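Colleague: Take this structure, written in structure tokens, and hold onto it; I'll ask about it next.
The values are calculated or read from the model by the stated rules, or taken from the named source; none is laboratory data. Note that this is a predicted model, so its numbers are computed, not measured. Quick reminder, even Gly has a Cβ in these numbers, built from the backbone with ideal geometry, and neighbours come from all protein chains shown. Calculation scope for accessible area: heavy atoms of the full protein, side chains included, ligands and nucleic acids excluded. Shrake-Rupley method; radii C 1.70, N 1.55, O 1.52, S 1.80 Å.
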Amino acid sequence: MSAASTETSAPLSTAGSRVFFQAAPGVGCVSSGPITTDDPVQKKQGKVTVKYDRKELRKRLVLEEWIIEQLSELYDCEEEEMPEVEIDIDDLLEVTSDDERAIKLQESLIDCYKPTEDFVRELLCKIRGMRKLSAPTKKGL
């Protein structure tokens, strides 16, 4: 976020959360000069409601942390030193069979000199029952 804008958020309610964005005083899109206090554009407040499935996001985060930990062990290095390995969970979830998923994972781990079968088997077990994350729902734009 730039230093020229500020973000304020309303307190979370049980019905859902709303995030409000409001321009900082003196910042505007209508003209190049500062906004005066009687300018109606400054008084407008944009609101965006985004709903996420927090439980699914939490599961995904835990899984991604586990993957990084396992890859660090497989490659015997820290995350920063690890070779570029791309494991896209959503891509794996699009594939219908575990055999195809396993092949896809093995292709991603082709440069690993340690056995990867246990990692692949555990990962396939962990993603079983997960859903592909969809784009967040936006309302009020």
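Residue-by-condition table, conditions (1) open to solvent by 70 Å² or more (accessible area, probe 1.4 Å); (2) modelled with pLDDT under 90:
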{"residue": "Ala23", "(1), (2)": "no, yes"}
{"residue": "Gly28", "(1), (2)": "no, yes"}
{"residue": "Thr37", "(1), (2)": "yes, yes"}
{"residue": "Ile89", "(1), (2)": "no, no"}
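Colleague: Right, another one. Name every residue in region 102-121 that is open to solvent by less than 30 Å² (accessible area, probe 1.4 Å) and in a helix (DSSP H, G or I), in order of residue number.
Modeller: Ala102, Leu105, Phe119, Val120
Colleague: Among the candidates Leu74, Leu63, Leu57, single out the residue that is in contact with a Cys (Cβ under 8 Å, 6 or more places away or on another chain) and part of a helix (DSSP H, G or I).
Modeller: Going through Leu74, Leu63, Leu57 in turn, the sole match is Leu74.
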